[in-house]
1. Output the residue which, of all residues in the stretch B:124-161 that are part of a loop (DSSP other than H, G, I, E, B) and either of a type in the set (Val, Ile, Thr) or under 14 Å from B:Thr104 (Cα atoms) (or both), is farthest from the other protein chains (Cβ to nearest Cβ).
2. Could you list, in sequence order, the residues of the stretch B:153-170 that are buried (at least 24 other Cβ atoms within 10 Å of the Cβ) and at positive phi?
3. Can you confirm whether A:Leu95 is farther than 30 Å from A:Ser199 by Cβ, modelled with pLDDT of 95 or more and not basic (Lys, Arg)?
4. Condition first: aliphatic (A, V, I, L, M) and touching a helix residue (DSSP H, G or I) at 6+ places or on another chain (Cβ under 6 Å). Now tell me which residues in the stretch A:57-77 satisfy that.
5. Wholly within the stretch B:65-107, which strands (runs of 3 or more DSSP E) include no fewer than the required count, namely at least 2 residues that are surrounded by fewer than 20 Cβ atoms within 10 Å (Cβ to Cβ)?
6. Have a look at C:Gly107, C:Gly127, C:Gly111, C:Gly103 and point out the one that is within 7 Å of another protein chain (Cβ to nearest Cβ), crowded, with 24+ Cβ neighbours inside 10 Å and either touching a residue at least 24 places away in the same chain (Cβ under 8 Å) or closer than 22 Å to C:Ile263 by Cα (or both).
7. May I ask you to list pairs of residues, at least six apart or on different chains, whose Cβ atoms are under 8 Å apart, with the first in the stretch C:238-260 being away from chain A (no Cβ under 12 Å) and the second being in a loop (DSSP other than H, G, I, E, B) and among the hydrophobic types (A, V, I, L, M, F, W, C)?
8. Quick one: in the stretch C:79-126, which of the residues that are aromatic (Phe, Trp, Tyr) and outside any loop (DSSP other than H, G, I, E, B) is farthest from A:Ile85 (Cα to Cα)?
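The values are calculated or read from the model by the stated rules, or taken from the named source; none is laboratory data. All values derive from a computational prediction rather than experimental measurement. Cβ placement follows ideal geometry from the backbone for every residue including glycine, while neighbour counts extend to all protein chains displayed.
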Amino acid sequence: MSMSGGAPSDTVSALDAAAPRPRWQVILIRPETMTFVLLVLAIVVSSLLSPYFLDLTYILASFTLYAEFSLVALVLTMVIIAGEIDLSAASNMALSACLCAWTFRAGLPLPLALLVGVGAGILMGALNGLLVIGLQLPSIIVTIGTLTLYRGLAQIIAGDQSIRLPDYFIGINTWLVAGIPVPVLLFVVLSAVLGFLLSETIWGRQIYQIGTSVIAAQHSGIRAKRIKFALLVAMGFASSIAGLITASRLGSVRYDLGLGGELQMVLMAMLGGTYIFGGRGSILGTFLAAWLLAVISTGMTTANLLPATQLCVLGVLLIVSIIATNLIYSRTQR
Amino acid sequence: MVETASAMPDVPLMAARGITKSFASIEVLRDVDLDLRRGEIHALLGENGAGKSTFAKILAGVHRPTRGTLTLNGAQVEVLNPIVAQRLGITLIHQEPICFPDLTVAENLVLGQKGGSPLARVPWAEMTRNARQLMDLLGVKIDVSKTMRGLSIADQQMVEIARALASDSRLIIMDEPTAPLTPKEVETLFAIARRLRDEGRTIVFISHRLEEVRILCNRVTIFRDGNKVATEDIQSFTDADIIRQMIGRPLREYMKKHGTTIGEVALKVEGLTLPGVFFDISLEVRKGEIVGLGGLVGAGRTDVARAIFGVSPAASGKISINGKPVQISDPSQAIALGLAFVPEDRAAAGIFRTLPVEENITAAVPGKIAPSGVIRRSLERVLAEDSVRKLRIRLASFRQPIGELSGGNQQKTILARWLLTEPRVLILDEPTRGIDIGVKAEFYDMIGELAASGRAILLISSELPELLALCDRVLVMSEGRITANIPRERATQESIMNAAVPRSTREAAA
Amino acid sequence: MNALGSVFLRREAGIAVMIVLFCLAVGMIRPRFLTLDELRIILLLTPLILIGAMGQMLVILSRHVDLSIGSTQGFAAMATAMMFKFHPEIPWYLGFGVAIGVGIGLGFVNGALITLFRLPAIIVTLGTLNLYRGLTFIISDAKQIDRQFVPAALKGMSTTSPIFDIPWIIFMALGTALMTHWFANHSRIGRQVFALGSNPAAAPLRGIRVNAVTLMVFMISGALAGLSGIMYASRWGFVNPSNTGFGFEFQVIAAVVIGGVSINGGVGSVLGVTLGVLLLGCVSAALPLLGIPGAAQNAIYGAVILIALLIDRSVRQRGIAALALRRVAA
């Protein structure tokens, strides 16, 4: 955000406009700053627990466990900014992966099976879009319904088994490009791309406008329905890719792939300063929050905290982060 | 026994002194003194925005006065909120009645009454009986075991009145109650109002329908521009007197720039109909012409504008732009065809409150600031600076959230947004509402210039002087239809108002 | 009993018809479905969901959602079961007090967060869903409480029966339903719950204490989830930190939504929800008979939620359309 370079056209009278906040406040008092500070804190605390935390390779390798959710969280951020929400992503991951594995097992060559998985993910996103945008049902309940449905379908397809994938497909988290694991690289690249999209392109601008006031946006000629639909389809697409990456990392596919992922994704978005009611948030914030969550989770594991305790911490974090974000945003409103 | 108000002097039921109310920096009520007597039906008259509704809301606790006192039965009171008002015996019946649509009539009557522990047994049988009794008392046939959602507006109003009776309200305020009613329903309402008056209660009746006021009311108070200008017995006024008091102020000298050539038809609408909202709307606006669209609130003008612009399209009818028939089902199509629409409610449909001013300005012209998709901020700034200069928008920074600007400057920003689309046809819906006098003048100049530059302008306004000063022709809508097409030479405040009031009033006056 | 408008009865009749049609259809393929034994099986599938649904119904009526009831069930069940294991001297029926008390506490946390900070219920309960599940693991040290520690009398509630061979547990569930019906329809504060969901903006104007009612609603939801926890121990005989209550909230929401409770609040009935639970019970029981893997349950619940939403919406649309036409001036 930059202040006006040219002089405003008239002097301000006391009645006419409230004085703007000082520049330093504008830049510093934002949710992303809070996230950044927390990230630094988390790294410091974790490095006290274990010196590995200062080793970049270690951090990168640990992040691969969270890269898949982080990828989807980026798109979820955009969905929330636009005023909707999608809780079905983790189930989408599972169903896409199951369909891929199942068709592969049934004889389809892997590239085609992958296409099936991705195609399914897109279709699932489109179904969400149809119900929410086309039929105007509330996205929160629709995606609760679809998250149950997709996970259930995955259960039907895969049953209780683990479907194993071919060796040449496994281990994407160990493939390195310039020393960086592929999933992490994908995350960084996607963050850059979406960050650019959201802040520098007109579609990004319109996403914020839709989330701020969908009626004003429609009156201004913005095709709000199309944009929201596209975002939900994009969620489906991102979820399927994330599901396939997870399958590669784990080596096999089960119906419970990504279970509980919806919490982590929403948490990343909230920790990154996304306003739950729409209109505010940033890719940078979610990017930092993803790292923050990875550091916290890895730190907890290193500190030998039980998975159960970690779950509690995440639950508390979600609540605290939404309280803090709401407070910051309501303070800055006049 | 039929007694009129003047037979009961003594302490007024409610005395208001010096009531003043400001919203932000705009004063909507100034130093109003008013006495309401027991056992009278008292009308509040005035144009839209004159302050009568605000005054009524202050009585009912919806707003609190910035200054001034209210005295009830000789004791000063503070009506802090509607619940306190109810306890004090004051009930406001809104035009769109407030209720719980999924609960039954009987329940709506009872909810909010004092007393009883939360776990107390709901006395359904007794409730239903009492409800039926109330309905019988009012003489209306409403099934009290039906949900409110299924009732007509008239019936919902009856329920609200019954509520007032159930809590023994002494002061009942009705805000434009007859607008959605059939003549028979109006008769029923009036009979009830008279009975309540005869019981010694006070009814405050806000309405535009002069002949109804004459039939029903004892005294009338006229508001104008936030001031109370008169309180008299209804007999002391003729209709002409009343209208003159309501709108009589020196006409401003904003004469439209003559010499603007009026060109061909830019916007033509034929037979536009949306059942239940507007019927058979046909109008034309030519290049360089300013066509006014007057009428009362609820006449359907904004709905017509929204239909033309594609926000909620009409069910049938034809629209042509520059002679070519078009189909508009979405605002983006309308914009592409050269239409622009400045909506009436800028807070809900106009501004992006938390987003920067310059982003608000460029919201409708993405192609100009991001030709290849990527936003060119320098281009945006240039456009914003240009707009700010031309429209004299006062702001501290281009990046400040538009919500921090004053109402007038917000409105200018919205206008700037639409001017950037270089529209051929500009529809303005109450563009100067809630704006200070000084800024209004600027707007009038701008509108005149826009017409002079060849645009076709459709100006929806409830302010008669505004219509008279700016328009080449004034169309008037009433109850969903166009009732008059008055050229400038023959346009007067009376002629517009006469066409605007409902058919029943017009016929009675004829 | 008051007549709350014919629209209601139509919805409940509709569900009843669906149940009959469904059972007949399945009965044609597998006649075993229409036996008394099968009825018993169906009924035994329902008591936990019915109890949970009563609480969720109140929450949804007030225009909120409670996603944490599954974890609350798990935590309450575990707390109670641990008490049985480590303090077997305590009379088994006090377990009810523990389970319900724990549930109230967890529900209170939800309600407090929602009212104090004005947070959306969906996100708060998403957080507590995970928090409470984690706590369940912690207090139990991730260990299951096995059958031998659950008091026989408690387990007996699911097997022994006072009458008609229908176990006590069913009566408990029905009793809960009856109490909820009384509460919702015959108590002042119950009606305020309906009012709050019907028009939240008007509620404070009519003297309804919004925060107090909201808090209460979540506490009741928690209490009933807690009750369903000890019922879990009775029904299955053990308590497991990962399984107990897992996915419970979605089954309950499915039943509530199909039972005619509008997601926008203000509309719904105990009878409808009970029928919805019954329908889902029939569907669940029919699956193994039809050779459909039990794994299909979740998919069906998901589809049910979506279908119920669609039905809900089309009913509203028609209602709104009818109103719009009625507004045409005479």
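1. Only one residue tops the list, namely B:Val140.
2. Selection gives nothing.
3. yes
4. Hits for the stretch A:57-77 are A:Leu60, A:Ala67, A:Leu71, A:Val72, A:Ala73, A:Leu74, A:Val75, A:Leu76.
5. By residue number, B:67-72, B:75-77.
6. Being within 7 Å of another protein chain (Cβ to nearest Cβ), crowded, with 24+ Cβ neighbours inside 10 Å and either touching a residue at least 24 places away in the same chain (Cβ under 8 Å) or closer than 22 Å to C:Ile263 by Cα (or both) holds for just one of C:Gly107, C:Gly127, C:Gly111, C:Gly103, which is C:Gly127.
7. C:Phe238/C:Val150; C:Val239/C:Val150; C:Gly260/C:Val267
8. C:Phe86
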